[in-house]
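Novice: Here's a structure for you.
The values are calculated or read from the model by the stated rules, or taken from the named source; none is laboratory data. Keep in mind that what you see is a predicted model, and the values were worked out from it rather than measured. Cβ placement follows ideal geometry from the backbone for every residue including glycine, while neighbour counts extend to all protein chains displayed.
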């Protein structure tokens, strides 16, 4: 479980020859990492299998490639990193599982004096879980939805988010990982069971 509050911008070191393992440099998250720990990389929960100084390596399976944008990562790409929450962690964002629901694309970006407004595509299968003023996770970042339409949603990015996450550097056309609010999915399932 995560909070969607990014701890640091890390850097992709590279992939194993068969692309089954990803190595990332991130001194903050690697400092106390142990084998088996969970670290979210651009919102994808990965399990640490090796630690080497300021680097950690994690296994990546086909389901991850099918559901997320991790496959497009190349050496030196920046990535959002967050260690799993503990029982004493402040919940500054919202409950995030690190289980990506799909990939969206940035379709518009409007810079402002103090923040940027960003519009993303919204896959049809996820639309029913996204509501104005609700929470959504974009590349691991907990954000508040400012507008939603039939095939898009928008968020506002404050200066801290622009400076400390990859969302400050992403451009129109770039893919991002989405995780919708897990509570909405559970409520839907419970209501279906009652019908």
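Novice: Hey, among 92, 36, which residue is in contact with a strand residue (DSSP E or B) (Cβ under 9 Å, 6 or more places away or on another chain), assigned to a loop (DSSP other than H, G, I, E, B), over 20 Å from residue 176 (Cα atoms) and touching a residue at least 60 places away in the same chain (Cβ under 8 Å)?
Specialist: 92
Novice: Here's something else I'd like to know. For residue 141, state whether it is surrounded by 20 or more Cβ atoms within 10 Å (Cβ to Cβ) and out of contact with any strand residue (DSSP E or B) (no Cβ under 6 Å at 6 or more places or on another chain).
Specialist: Yes; evaluated as a whole, the condition is true for this residue.
Novice: Here is a follow-up. Any idea which residue in the stretch 1-26 is surrounded by the fewest Cβ atoms within 10 Å (Cβ to Cβ), counting only those that are outside any strand (DSSP E or B) and within 18 Å of the chain's Cα centre (by Cα)?
Specialist: Let us first name the residues in the stretch 1-26 that are outside any strand (DSSP E or B), namely 1, 3-7, 16-20, 26.
If we keep only those that are within 18 Å of the chain's Cα centre (by Cα) as well, we get 1, 3-7, 26.
Details: 1: 15, 3: 22, 4: 26, 5: 19, 6: 26, 7: 18, 26: 24.
The qualifying residue surrounded by the fewest Cβ atoms within 10 Å (Cβ to Cβ) is 1.
Novice: Go through the stretch 170-195 and give me each residue that's part of a loop (DSSP other than H, G, I, E, B) and either loosely packed, with under 11 Cβ neighbours inside 10 Å or over 16 Å from the mean Cα position of the chain (by Cα) (or both). Steps first, please.
Specialist: Narrowing the stretch 170-195 to residues part of a loop (DSSP other than H, G, I, E, B): 170-174, 181, 195.
Across the stretch 170-195, the qualifying residues are 171, 172, 173, 195.
Novice: How many residues are more than 26 Å from residue 9 (Cα to Cα) and part of a strand (DSSP E or B) when one looks only at the stretch 109-143?
Specialist: Adding up the residues that qualify gives 0.
Novice: So which of 116, 76 is farther than 21 Å from residue 172 by Cβ, over 14 Å from the mean Cα position of the chain (by Cα) and modelled with pLDDT of 95 or more?
Specialist: Working: 116 fails: farther than 21 Å from residue 172 by Cβ.
76 is the lone residue from the list that is farther than 21 Å from residue 172 by Cβ, over 14 Å from the mean Cα position of the chain (by Cα) and modelled with pLDDT of 95 or more.
Conditions (1) closer than 23 Å to residue 125 by Cα; (2) not assigned by TED's automatic domain parsing to the domain that holds residue 167, marked per residue:
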residue: 29; (1), (2): no, yes
residue: 41; (1), (2): no, yes
residue: 71; (1), (2): yes, yes
residue: 95; (1), (2): yes, yes
residue: 107; (1), (2): yes, no
